[in-house]
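Everything on this sheet refers to the single structure shown next.
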Amino acid sequence: AGIEAVVATHEPNAAFSADAYARQTGLGVLLVTYGVGGFNAMNGVAGAYAERSPLLVVSGGPPTGYVHGEDPLRPLHHHIVKSASSQMDAYRTITAHVCRLSDAVAAPNQIRGAVARAMEECLPVYLEIPTDLMEVPVMPGSFPAPPEWDPSPLERAVDLFAERIAAAHAPALLVGEE
């Protein structure tokens, strides 16, 4: 309830849109399929990292048994690139944190931690949900509220910056990273 889904025509479009939304609101969420979808969205996520956008990337993933080598259908699983962890490993280079849900009991804290980290560090975070955990119920009310984004520090900084430029006799700006 209260979540508006925006469907993009292609994963890079979705990633760039989620990045823009994150910059405006304090958190963007990108949902991608495992494998081709996740890899296809990486340019947009890397851009969000470079620009310090709080973005939560949520991807499907192989079942937990597959990841731990216990799945009898291991050779038949689709969308695997090299290994079950290839996508997660790739996202390690363009996110502040990667996390694969381990079970329904730990899921609320893992999800909350991923959201909090994205918002606190203003960087993308990758969260993978194994297919066998996607519909496992969690305890109602077990999701603690994520931190609220407070735009006031940014607004104060912009106001201060504008005051200093207005008061300067011959302002000069040196623009660089961050």
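Observations on the model:
- The residues in the stretch 84-111 that are in contact with a Pro (Cβ under 7 Å, 6 or more places away or on another chain), open to solvent by less than 20 Å² (accessible area, probe 1.4 Å) and either under 10 Å from E128 (Cα atoms) or of a type in the set (A, V, I, L, M) (or both) can be counted, and the count is 2.
- S59 meets all of the listed conditions (1) out of contact with any strand residue (DSSP E or B) (no Cβ under 7 Å at 6 or more places or on another chain); (2) of a type in the set (S, T, Y); (3) surrounded by 17 or more Cβ atoms within 10 Å (Cβ to Cβ) but one, namely (1).
- Boolean, R117 is more than 24 Å from T25 (Cα to Cα), open to solvent by 40 Å² or more (accessible area, probe 1.4 Å) and either among the aliphatic types (A, V, I, L, M) or touching a strand residue (DSSP E or B) at 6+ places or on another chain (Cβ under 6 Å) (or both): no
- The lone exception for L154 - which of (1) at pLDDT below 85; (2) over 30 Å from R100 (Cα atoms); (3) in a loop (DSSP other than H, G, I, E, B) it fails: (3)
- Residue match in the stretch 117-126 (condition: among the β-branched types (V, I, T) and modelled with pLDDT of 85 or more): yes
- The C-beta contact set for the stretch 110-135 (first residue part of a helix (DSSP H, G or I), second residue of a type in the set (S, T, N, Q), distance under 6 angstrom, 6+ apart or interchain) comprises D132/T64.
- Whichever residue in the stretch 127-151 is under 15 Å from V58 (Cβ atoms) and at pLDDT below 70 and, among such residues, is surrounded by the fewest Cβ atoms within 10 Å (Cβ to Cβ): F143
The values are calculated or read from the model by the stated rules, or taken from the named source; none is laboratory data. Not measured: the values here are computed from a predicted model. With ideal geometry, Cβ positions are generated from the backbone for all residues, glycine too; neighbour counts draw on all protein chains shown. Calculation scope for accessible area: heavy atoms of the full protein, side chains included, ligands and nucleic acids excluded. Shrake-Rupley method; radii C 1.70, N 1.55, O 1.52, S 1.80 Å.
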